[in-house]
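Read through the structure below, which is laid out as structure tokens, and then see the notes.
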Amino acid sequence: MLLKNPLNFINGRSMTRGYPEGYEQLTIGMGCFWGAERLYWKIPGVYVTSVGYGGGHGENPNYESICSGVSGHAELVHIVFDPNIVSFDALLKIFFENHDPTQGNRQGNDRGSQYRSVLFTRGKSQAAKAAAARALYNDAYTKAAAPEITTQIMPAETYHFAEDYHQQYLAKNPGGYCAIGPTGVVCPVPE
């Protein structure tokens, strides 16, 4: 873990432990983790967010090593949420509508395996809902004459917290770079 301060800059909650009972978790990669995290911290029912790395090999990845592409890690956002306030399906809708899941290892001008589209799910229910959403969204993209989506869906694995300066970066640096935004293709996932 690279974190020196485990408290979320926005709400002061622990990013690493002590999540309320009954809350669920989801880890996503949709390109630059700064903008993706900002999308989710604003959602009612999201308890806490953090950014980190996963889906690669090797221990203790850091920003420099993942940018090199050698480790294969993706930039990720970890989301802890209250399913009684915001559904897993609603979080998937935000995911699929706010980045281009057809670009493989890139988002806009950001290129490399760290920018790939990926969902790390917990349990059979999340995996099934994510696969169904990917199929529905792929149909929507096909109707919009776009390529097939490349989003990977995998069981959650080791999540490595990113460095402190990346956590809630766009709250600390409101003018910071962010390439995350709506694709214009509506996701038919139930809200």
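The values are calculated or read from the model by the stated rules, or taken from the named source; none is laboratory data. Everything numeric in this text was worked out from a predicted model, so none of it was measured. Methodologically, a virtual Cβ is constructed for each residue, glycine included, from the backbone with ideal geometry; neighbour enumeration extends over all protein chains shown.
One residue is enough: does the stretch 70-93 have a residue meeting the conditions aromatic (Phe, Trp, Tyr) and either closer than 17 Å to residue 167 by Cβ or out of contact with any helix residue (DSSP H, G or I) (no Cβ under 7 Å at 6 or more places or on another chain) (or both)? Within the stretch 70-93, not a single residue is aromatic (Phe, Trp, Tyr) and either closer than 17 Å to residue 167 by Cβ or out of contact with any helix residue (DSSP H, G or I) (no Cβ under 7 Å at 6 or more places or on another chain) (or both). Screening the stretch 1-103 for helices (runs of 4 or more DSSP H) wholly inside it with 1 or more residues that are crowded, with 16+ Cβ neighbours inside 10 Å and at pLDDT 95 or above returns the ranges 33-41, 88-97. None of 119, 76 is within 22 Å of residue 178 (Cβ to Cβ), of a type outside the set (Val, Ile, Thr) and in contact with a Leu (Cβ under 8 Å, 6 or more places away or on another chain) except 119. Note on the stretch 150-172: residues that are of a type in the set (Val, Ile, Thr) and either crowded, with 20+ Cβ neighbours inside 10 Å or farther than 22 Å from residue 39 by Cα (or both) amount to 2. Against the numbered list (1) more than 25 Å from residue 134 (Cβ to Cβ); (2) without any contact (Cβ under 8 Å) to a residue 60 or more places away in the chain, residue 60 comes up short only at (2).
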